[in-house]
1. List pairs: first residue in the range A:71-94 and surrounded by fewer than 23 Cβ atoms within 10 Å (Cβ to Cβ), second residue polar (S, T, N, Q) and in a helix (DSSP H, G or I) anywhere in the structure, Cβ distance under 8 angstrom, at least six positions apart or on different chains.
2. So, of the residues in the range A:523-566 that are surrounded by fewer than 18 Cβ atoms within 10 Å (Cβ to Cβ) and farther than 30 Å from B:GLU91 by Cα, which turns out to be modelled with the highest pLDDT?
3. So which of A:ASP437, A:ASP416, A:ASP399, A:ASP454 ends up being out of contact with any strand residue (DSSP E or B) (no Cβ under 7 Å at 6 or more places or on another chain), at pLDDT below 95 and among the acidic types (Asp, Glu)?
4. For A:GLY62, indicate whether it is surrounded by fewer than 24 Cβ atoms within 10 Å (Cβ to Cβ) and touching a strand residue (DSSP E or B) at 6+ places or on another chain (Cβ under 7 Å).
5. Scan the range B:129-148 residue by residue and report those that are surrounded by 22 or more Cβ atoms within 10 Å (Cβ to Cβ) and assigned to a strand (DSSP E or B).
6. Quickly run through the range B:48-93 and pick out the residues that are among the charged types (D, E, K, R) and crowded, with 18+ Cβ neighbours inside 10 Å.
7. Somewhere in the range A:302-315, is a residue under 26 Å from A:ARG441 (Cβ atoms), at pLDDT 95 or above, within 24 Å of the chain's Cα centre (by Cα) and not in a strand (DSSP E or B)?
8. In this structure, does A:ALA98 turn out to be among the small types (Gly, Ala, Ser) and in contact with a strand residue (DSSP E or B) (Cβ under 7 Å, 6 or more places away or on another chain)?
Amino acid sequence: MGTRLTIDPVTRIEGHLRVDVVVDGGRVTKSWASCTMWRGIETILRGRDPREAWVFAQRFCGVCTTVHAMASVRAVEDALQMPIPPNAQYIRNLILIAHGLHDHIVHFYQLSALDWIDVTTIPKADPAKAAAIGESLSDWPGNSRLEMKKVQDKVKALLSSGQLGIFQNGYWGHPAMRLEPEVNLLLLAHYLQALDFQRQANKVVAVLGAKTPHIQNLAVGGVMNAINLDNVATFNMDRLWMVKGLLDGIVAFVQQAYFSDACALAGLYPDWFRYGAGVQNYLAVPDLPTDGAGTAYDLPGGTIFDGKLDTIHPIRSPRDDWWRAGVAEDVTHAWYQGAGAQQPWAGETIPAYTDFQDDGKYSWVKAPRFQGRPMQVGPLANVLVGYAQNHPLTKQWTDMALGRVSTAAGRRVTVDDLQSTMGRYLARAIRSAILIDLANRHWEFLADNIGRGDAKTYVPPSFPKGAVEGVGFHEAPRGSLSHWVVVENGILRNYQAVVPTTWNASPRDEHGTPGPYEASLLGNPVADTDRPLEVLRTVHSFDPCMACACHVLDAEGQTVATVKVL
Amino acid sequence: MRPAREIATTATAPVAVIGLGNVLLGDDAFGPTVIALLRAGWDFPGDVDLIDGGTPGLHLVASVHGRDALVLIDAVAGSGAPGELRLYRREDLARLPILSRVSPHDPAVLEALAIADLAGRGPRTVLVVGAVPASLAMDTNLSAPLRAACPAAAALVVDELARLGLAPRARRDGAPPDAWWLRHATESP
């Protein structure tokens, strides 16, 4: 028995994540994750020119624009076995880092913070005490008593107006909300300050990529930024220093506010290290190449099985056989024709819709598997794979985070505790701290290389007769993304995107093994089945990317989200 | 292309015109198509940013925050014939409920405005130029009624900018709009 909850943002448009859980005795005992929109958008690319595929791929998803563009050009370059100029690599890396930081900051504050902070307690807070707590956590200049008072007044005005604005959906007063009013105030102040820094990160993308949210400067073979230090119309020292100035502002916010807040939150909710481990196989691909050919990377990749860091097997490049031969997609429980698992280059995307069948087909997401196993991807996989390989920056920031969390929690929190719902939040902050350090490093690579007189950013691709296969990957904000292409006589014959959320939101496979979302929800507490806040915390910890997506403003105010108790 | 303002400035233009929607999903391309039409037909003053916004979800906040005025162009879910244009102002939007969110991708126009407002940096003037879609199925073409509605929508945007004292200048060269998604595959698969 038990109560079945369906969390399904029902809209006139499809394209969303539906989560079904059965709750028994205050715990989740069964779960299903389903995507309710057909994801065969890759079929649009068949028959097109591989040089323009990235322009379309960039539209697969409106939030993960840049990441699909990048995986696409990398896939074609891999098929052609062509190195690109180092400047192009560094410019791409800086765009990817800035995009990733923007995304992580939005995730922590605008998407997730209100799952943990109860804003209705803020009027009761003592602004001086909130400021003192802030000062005890870091040197962030945005923690003054005056700032706290200003934010408190805004919240008071909003709450007393009866128009709750952005707060109208919160599960206020929920028993799982446990922070004191001053901590809630402090975190909300940073929620508002975060807006300025996401905009700065976005500007980095705009300066380097010519436009945002859809960059214009990519090309198979490099980037189209013309570098000429003596010409104001091209990429010159002014722009380089503009990027540096923007990055410096983001460094301070990431290290002193975001990283610090994530550690504090984890320390104040340490019980959330006990829930949500789910699938403990991890996959991360290497990223931020340091040479034109993509043989050396600043972020390591690899696989870990069964939650044991000593099972680490590195992935060194897209040409690594461990990686290339490891990936397949299973459609047993997905609404596609065929059975069992197929390697992506041979992958088909032919719909075969049934209705939602608990034991049959129930999702538009395929089930990617690595050597037959489900894998968790995302910042946590990224951090664990780096930690297991003693990657210095990963070690440094992870150990610092664990130290701070342990102090706040009053008990020792270890790297193994990261395999949890809270671990995914913390890992995203650790990854952000690593990324901002690497942003400075790649900025210096670029400035030095230009300084040495190398202005090259592009080499034209040439396409062979016959068929060639390639894979381009990117360790995106939500985890390992790969685009798999088959190019025949200069035309795309097949195109498959294996996206991070496909790994994480994967349905069961032919053996009935659930995917990461599904597995992570088992045992999750649910105090109040009418307000399943705890389920949302675990789902949000993955930073789902389901819509990939269609956008319709619902201006007639129809309900677009329901929690049905069946 | 718009010559007026260098993209590489760190300042935010006080007015943004943002076309929203996924160009791979049929009539959801309405917003980006109108932006392409505007870019081709007019020169805009430096105080106006023209943005093909795609489907930014919560990332829309970054484009809305700190603006004085905002014009959004989007497909709108509502009863009515395909291609029918609907205009909404701030006060119309304020009456709509903000719904709970599972992913950052869910449409976030109302949320982006509410978040920017809370920070005290929300636009004072908002106009949504909406069109009722015929089909949102995967397709790189607009349906005939939506295609027909684009010029009128562009004219409404131009009027709104004129009202704000930032009238764009019609271009004489008449370059065709760069709606690249309408280009077809070089051969059928």
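The values are calculated or read from the model by the stated rules, or taken from the named source; none is laboratory data. In this text the structure is predicted, and so the values were computed from the model without any measurement. All Cβ positions, even for glycine, are placed from backbone atoms using ideal geometry, and neighbour counts span all protein chains on display.
1. So the pair list comes out as A:PRO86/A:ASN449.
2. Here the residue is A:GLY523.
3. Just a single option satisfies the conditions, and that option is A:ASP454.
4. Details: surrounded by fewer than 24 Cβ atoms within 10 Å (Cβ to Cβ): no; touching a strand residue (DSSP E or B) at 6+ places or on another chain (Cβ under 7 Å): yes.
No: the conditions fail for A:GLY62.
5. Residues satisfying the conditions are B:VAL129, B:GLY130, B:ALA131.
6. Hits for the range B:48-93 are B:ASP49, B:ASP52, B:ARG67, B:ASP74.
7. The answer is no; no qualifying residue exists.
8. The answer is no for A:ALA98.
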